[in-house]
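Here's the structure we're looking at; comments come further down.
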Amino acid sequence: MKINDLLRENIRDMQPYSCARDEFKGEASVYLDANENPYNSPYNRYPDPQQLEVKRQISKIKNIPIKNIFLGNGSDEAIDLLYRAFCEPRQDNVVAIEPTYGMYKVSASINDVDYRKVLLNNNFDFEAYKLMDSTNVHTKIIWLCSPNNPTGNSLNHQEIHKLLSWFRGIVVIDEAYIDFSTGESFTSYLSDYSNLVILQTFSKAWGNAAIRLGMAFASAEIVQVLNKIKYPYNINNLTQKQALEAMKNPAQVKLWVETLLDERSKLITQLGKMSVVSHIYLTDANFVLVRVHNAVYIYQELVKKGIIVRNRSNVSLCMDCLRITVGTPEENQILLSELKKF
């Protein structure tokens, strides 16, 4: 597949902005090229626009070449850039599973791109042919989230492989919650599919939501496009520094994940004993989707107690469902104690 043929014509033909730190790479003793204030070091200097040191460490941990890594201001930046690169406003469209992460649709609206939803089945899974039936010659991207948000389950890998083989556009798999899943990441298939983009994040298992650092893994051609159209200094120095610090201790992340999975199991067990809970959905994430009796009322009563979960009743197929993030043992127990009162 020729990625260049999928690009919007103006993106394909544009010349990217060249910033000072792109034109000079390396170390020097006197920097007089970027109109920076020479005082207040180190905050006076622009950050590395390509985040090379951060990418080197990610490359070691993920076993993915640097040329296949793009870093964004959260995964949301990569989502927006994919629209801007491949989707012509008011002409092209995208297809997505439903329900799923809401930013795919929001970003489509912002970029004036038709967003086509395909409902999941009763098991919150999909069939590749149904997504393909919703595509046409103007469909540029298919959005998948696995493990999915807000449902928590991983999508069928065989169906994902079918999509990647059949669809002649970009297939995005958002793996924000992959660290909590027993299933394998699709990063091992990057070399097999030139149209595959995988999103991951420092916000979940890595416990660094505040620094807003998202990762996109894709072919070198797609990464080059994203780098071409991103803002020059999209990842600030403080974020890069904290990411490097976090990656010094991957064992801590592993411990957090193990602890959260253990707490998730305990939480599910206790929820299953409650009469107010009518169904608990399978989950591969750090949250649990549960169907309850009168979710709106329960949510409002929990808020009064200072306990915040997510009411997903306004989402397709999720009527009377609460999405509960796995917290600390103490937080989980507070929630369970209140739910027992209903």
Under 18 Å from the Cα of K341 - aspartates and glutamates, other chains or at least 8 residues apart: E301, D320, E330, E331
Tilt relative to the chain, helix 237-246 - C-alpha long axis, 0 to 90 degrees, to 10: 60
Candidates C321, C19, C145: whichever shows maximal mean-square fluctuation once the chain is modelled as a Gaussian network with Cα springs under 10 Å: C19
Using alpha-carbon coordinates, inclination of helix 52-62 to the longest axis of the chain, degrees: 40
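Within the stretch 234-319, list the trypsin sites (Lys or Arg not before Pro) lying in a DSSP loop whose Cβ has at most 11 other Cβ atoms in a 10 Å radius.
On the way: sites: K241, K248, K254, R264, K266, K273, R291, K304, K305, R310, R312; in loops: K248, K273, K305, R312.
Passing sites in the stretch 234-319 are K248, K273.
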Farthest positive-ward along the stretch 217-293 dipole, Cα basis, beta-carbon charges - from Q240, I268, S219: Q240
Shape metrics for the stretch 205-342, restricted to C-alpha atoms - Rg then Dmax, Å: 19.2, 56
Nearest-ten-degree value, helix 75-86 long axis tilted from longest Cα axis of the chain: 60
Highest to lowest packing among 117-123, 147-153, scored as the average C-beta count within 10 Å: 147-153, 117-123
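Distance check, please: which entries in K25/K204; K140/K241; K67/K248; K105/K266; K55/K248; K55/K204 exceed 25 angstrom between their Cα atoms?
Values: K25/K204 32 Å; K140/K241 35 Å; K67/K248 22 Å; K105/K266 34 Å; K55/K248 13 Å; K55/K204 19 Å.
Among K25/K204; K140/K241; K67/K248; K105/K266; K55/K248; K55/K204, the Cα-Cα distance tops 25 Å for K25/K204; K140/K241; K105/K266.
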Where Rh is the Kirkwood radius over Cα pairs, Rg/Rh for the stretch 1-116: 1.05
Virtual spin-label span in nm between V303 and L317, 7 Å along Cα→Cβ: 2.7
222 nm mean residue ellipticity, helices alone, for the chain (DSSP H n ≥ 4; -39,500 (n - 2.57); rounded to 500): -10500 deg cm²/dmol
Cys with no candidate disulfide partner in the chain (beta-carbon separation under 4.7 Å rule): C19, C87, C145
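Longest segment of the chain with no GluC sites (Glu not before Pro) in a DSSP loop having at most 12 other Cβ atoms within 10 Å? Walk me through the intermediate numbers first.
Working: sites that count: E27, E184.
Segment 185-342 is the longest.
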Semi-axes of the equivalent ellipsoid for the chain, Cα gyration tensor, largest first, Å: 36, 27, 18
Convex hull of the stretch 240-306 built on C-alpha atoms - directionally averaged projected area, nm²: 6.6
The chain: most fluctuating residue of D133, D125, D320 per GNM, C-alpha cutoff 10 Å: D133
For the stretch 3-248, size of Cβ-based charge dipole, Lys and Arg +1, Asp and Glu -1, in debye: 300
Residue with peak Gaussian network fluctuation, the chain [Cα springs, cutoff 10 Å], from V315, V303, V197: V303
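Values quoted throughout were computed directly from the atomic coordinates according to the rules given, and no laboratory measurement underlies them. None of the values given here were measured: they were computed from a predicted structure. Cβ: placed from backbone, ideal geometry, glycine included. Neighbour counts: every protein chain shown.
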